[in-house]
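Student: Here it is, the structure in full.
The values are calculated or read from the model by the stated rules, or taken from the named source; none is laboratory data. Please read these numbers as outputs of a predicted model, since none were measured by experiment. Virtual Cβ from ideal backbone geometry, glycine too; neighbours counted across all protein chains shown.
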Amino acid sequence: MWLSMWSGPRNISTAMMRSWGNRPDTVVQDEPLYAHYLRATGKDHPGAAEVIAAGPSEEGEAIDRMFRPLPSGKTIGYCKQMTHHILPQMDRSWMRKMKHAFLIRDPREVIASYIQHVADPVLEDTGFRQQFEIFELVRQWTGHTPPVVDARDVLNAPRAILTRLCEALDIPFTDRMLSWPPGIRDTDGVWAKYWYKEVESTTSFRPYVPNDQSVPPHLHSLLEECQRYYSQLYEHRLTA
């Protein structure tokens with residue numbers, strides 16, 4: 001089984017990848033479309049040239065690599081997916097071969113964190129619109145509402161929320177998802193040194209702590225747009 005966990009930037013997506021990567025039956029892929037996204041958009045992200053060089057930067061190759069055979073003993077291929085990496089012109093038919101889940105986070109906290117790395121983001125950078133569109137597409141294809149989990153809920157009650165998530169995906173929950181060894185992984189992207197500093201020292205989901213950083217006034221309209229998409233997904237979130 002291949003599983004895509006769709007998140008926007010500055011979420012707990014890397015910690016979630018650690019959680020799934022610690023399952024004995026799972027192998028993870030870290031943002032398989034990132035190099036293609038940077039090559040196609042020319043976005044000025046930290047280490048962009050290095051990410052593109054590491055590849056794969058061609059859309060077709062990146063998609064094919066997601067479906068490479070699973071190693072012996074592994075039955076789940078987990079893809080940490082960034083919703084903003086899905087560009088309007090990209091093929092989406094490959095998504096039908098996967099199961100999908102959605103990781104959301106309060107837009108105010110996302111934007112306040114994101115601007116520490118990328119100044120003056122626009123709606124497409126945040127991934128909220130794309131996340132909602134992918135959610136609706138999967139729901140249309142399957143006739144079922146795919147699972148949605150909110151970052152705050154995961155941090156406040158990881159066992160309960162991850163159990164609900166596994167049930168929704170029809171796979172067994174394991175305690176191995178609740179903790180993991182610290183440090184970097186061979187499966188981490190080359191961008192880890194720019195984005196993963198906080199996660200490298202973790203061994204579990206840290207309790208939720210409110211983000212007191214404010215969103216600058218010139219980004220308040222962006223915050224309102226993101227909030228509209230977030231609220232619609234929040235209605236479907238799994239609860240403890």
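Student: Could you tell me which of the residues 26, 83, 75 is farther than 24 Å from residue 121 by Cβ, in contact with a strand residue (DSSP E or B) (Cβ under 6 Å, 6 or more places away or on another chain) and at pLDDT 95 or above?
Tutor: After applying the criteria, what remains is 26.
Student: Quick one: would you say residue 149 is modelled with pLDDT of 95 or more, touching a Phe, Trp or Tyr at 6+ places or on another chain (Cβ under 7 Å) and more than 17 Å from residue 87 (Cβ to Cβ)?
Tutor: no
Student: If you don't mind, another one. Among the residues of the stretch 66-115, write down those that are in contact (Cβ under 8 Å) with a residue 40 or more places away in the chain, part of a loop (DSSP other than H, G, I, E, B) and not aliphatic (A, V, I, L, M).
Tutor: Answer for the stretch 66-115, where residues must be in contact (Cβ under 8 Å) with a residue 40 or more places away in the chain, part of a loop (DSSP other than H, G, I, E, B) and not aliphatic (A, V, I, L, M): 67, 71, 73, 74, 75, 92, 105, 106.
Student: Looking only at residues that are out of contact with any Leu (no Cβ under 7 Å at 6 or more places or on another chain) and not in a loop (DSSP other than H, G, I, E, B) in the stretch 42-60, which one is nearest to residue 189 (Cα to Cα)?
Tutor: 54
Student: Let me ask another. Checking the structure you have, find out if any residue of the stretch 221-230 is within 19 Å of residue 150 (Cβ to Cβ), of a type in the set (S, T, N, Q) and at pLDDT 95 or above.
Tutor: The answer is yes, given that some residue of the stretch 221-230 is within 19 Å of residue 150 (Cβ to Cβ), of a type in the set (S, T, N, Q) and at pLDDT 95 or above.
Student: Cβ-Cβ distance below 9 Å, separation of 6 or more or different chains: which pairs start in the stretch 131-148 with a residue that is farther than 15 Å from residue 93 by Cβ and end on one that is of a type in the set (Asp, Glu) and assigned to a helix (DSSP H, G or I)?
Tutor: 147/167
Student: Further, regarding this structure: So residue 159 clears everything in (1) touching a residue at least 60 places away in the same chain (Cβ under 8 Å); (2) surrounded by 13 or more Cβ atoms within 10 Å (Cβ to Cβ) except one condition, right? Which one?
Tutor: The single condition residue 159 does not satisfy is (1).
Student: If you take the residues of the stretch 27-42 that are farther than 17 Å from residue 92 by Cα and in contact (Cβ under 8 Å) with a residue 40 or more places away in the chain, which of them is surrounded by the fewest Cβ atoms within 10 Å (Cβ to Cβ)?
Tutor: Among residues in the stretch 27-42 that are farther than 17 Å from residue 92 by Cα and in contact (Cβ under 8 Å) with a residue 40 or more places away in the chain, the one surrounded by the fewest Cβ atoms within 10 Å (Cβ to Cβ) is 41.
Student: Read through the list (1) closer than 28 Å to residue 44 by Cβ; (2) surrounded by 19 or more Cβ atoms within 10 Å (Cβ to Cβ), then give the number of the only condition that residue 61 fails.
Tutor: For residue 61, the failing item is (2).
Student: Oh, and also: Does the stretch 113-127 contain any residue that is over 16 Å from residue 12 (Cβ atoms), modelled with pLDDT of 95 or more and crowded, with 21+ Cβ neighbours inside 10 Å?
Tutor: No: the stretch 113-127 contains no residue that is over 16 Å from residue 12 (Cβ atoms), modelled with pLDDT of 95 or more and crowded, with 21+ Cβ neighbours inside 10 Å.
Student: Confirm whether residue 215 is at pLDDT below 95 and either out of contact with any helix residue (DSSP H, G or I) (no Cβ under 9 Å at 6 or more places or on another chain) or under 23 Å from residue 178 (Cβ atoms) (or both).
Tutor: no
Student: Condition first: surrounded by 11 or more Cβ atoms within 10 Å (Cβ to Cβ) and of a type in the set (Ser, Thr, Tyr). Now tell me which residues in the stretch 177-213 satisfy that.
Tutor: Across the stretch 177-213, the qualifying residues are 179, 187, 194, 196, 202, 203, 204, 208.
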